[in-house]
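Okay, here's the structure, questions in a sec.
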Amino acid sequence: MAEQLKLGTVIPDGAVPANAGQRTHYSQYGQGGLHTGDAYPDLAAVYELPLDRREWGLEVKTLDGGRYELVRGLASLDLADNANWRPLVLGSATPPPVAFTNQTILTITHNLGRLVQVQVYDPNGYEIGGQVQQVGLNIVEVQFSQPLSGTVVLR
């Protein structure tokens, strides 16, 4: 089956400005990718993004500091469904390691707003097991079969 080509102007190489003061692209006019700029003061403006500018995986950075991603199937398979937008958490923000002593149940509130990877180490630095339960997007619980001591690292 032949690949369906999109209509448009063929550019044989990357677009470059004629001089340093010129732009090659305004993100709000592109389809997909990362959209930024004055056109998006907040999430309400993101919801107004025309369908012909949307594609799955699109990211929008708003003037109020938010960043949002259009996720296929988050709420539906309809590209126009604004319930498919979710806040995008960026960076490697991780809480500091949590030391514990003689515990069978450890509850950690991390406030990252996402599920985390959990690693548990004994006092000698060896990784040990524990039953991990993600209680919500900001809380994780680790249970041990016997009282243990060590450190929990969240990623």
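Answer yes if at least one residue in region 102-116 is at pLDDT below 90 and of a type in the set (Gly, Ala, Ser), and no otherwise.
Yes, some residue in region 102-116 is at pLDDT below 90 and of a type in the set (Gly, Ala, Ser).
Now for a separate question. Tally up the residues in region 102-130 that are more than 24 Å from the chain's Cα centre (by Cα), exposed (fewer than 12 other Cβ atoms within 10 Å of the Cβ) and either hydroxyl-bearing (Ser, Thr, Tyr) or under 28 Å from Leu88 (Cα atoms) (or both), please.
Summing the residues that are more than 24 Å from the chain's Cα centre (by Cα), exposed (fewer than 12 other Cβ atoms within 10 Å of the Cβ) and either hydroxyl-bearing (Ser, Thr, Tyr) or under 28 Å from Leu88 (Cα atoms) (or both) in region 102-130 gives 1.
Under 6 Å between Cβ atoms, which residue pairs at least 6 apart in sequence (or on different chains) link something in region 111-124 that is closer than 13 Å to Val152 by Cβ and in contact (Cβ under 8 Å) with a residue 24 or more places away in the chain with a partner that is of a type in the set (S, T, N, Q) and in a strand (DSSP E or B)?
As it stands, the answer is Tyr121/Thr151; Pro123/Ser149, since those pairs meet every condition given.
In region 60-90, how many residues are part of a loop (DSSP other than H, G, I, E, B) and either in contact with a Ser or Thr (Cβ under 8 Å, 6 or more places away or on another chain) or closer than 12 Å to Tyr47 by Cα (or both)? Show your work before the answer.
Quick first cut of region 60-90, residues part of a loop (DSSP other than H, G, I, E, B) only: 62-66, 71-81, 88-90.
Subsequent filtering for residues that are either in contact with a Ser or Thr (Cβ under 8 Å, 6 or more places away or on another chain) or closer than 12 Å to Tyr47 by Cα (or both) retains 62, 79-81.
Qualifying residue count, region 60-90: 4.
Can you find even one residue in region 5-19 that is modelled with pLDDT of 65 or more, assigned to a helix (DSSP H, G or I) and of a type in the set (Val, Ile, Thr)?
Looking through region 5-19, none of the residues is modelled with pLDDT of 65 or more, assigned to a helix (DSSP H, G or I) and of a type in the set (Val, Ile, Thr).
In region 134-155, which residue that is under 21 Å from the mean Cα position of the chain (by Cα) and assigned to a strand (DSSP E or B) is surrounded by the most Cβ atoms within 10 Å (Cβ to Cβ)? Please lay out each step first, then the result.
We begin by selecting, within region 134-155, every residue under 21 Å from the mean Cα position of the chain (by Cα); these are 134-140, 153-155.
From what is left, the residues that are assigned to a strand (DSSP E or B) are 134, 139-140, 153-154.
On the way: Gln134: 13, Ile139: 14, Val140: 23, Val153: 16, Leu154: 16.
Top of the filtered list is Val140.
The rows are residues; the columns are (1) closer than 28 Å to Gly66 by Cβ; (2) touching a Ser or Thr at 6+ places or on another chain (Cβ under 9 Å); (3) assigned to a loop (DSSP other than H, G, I, E, B).
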site	(1), (2), (3)
Asn102	no, yes, no
Thr107	no, no, no
Gly113	yes, no, yes
Val116	yes, yes, yes
Asn124	no, no, yes
Val132	no, no, no
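Mind listing whichever residues of region 103-140 are within 16 Å of Thr151 (Cα to Cα) and hydrophobic (A, V, I, L, M, F, W, C)? Spell out the reasoning first.
Applying the first criterion (within 16 Å of Thr151 (Cα to Cα)) to region 103-140 yields 103-110, 116-132, 140.
Across region 103-140, the qualifying residues are Ile105, Leu106, Ile108, Val116, Val118, Val120, Ile128, Val132, Val140.
The values are calculated or read from the model by the stated rules, or taken from the named source; none is laboratory data. Computed from a predicted model, the values in this text were never measured in an experiment. All Cβ positions, glycine included, derive from the backbone under ideal geometry; neighbour counts span all protein chains shown.
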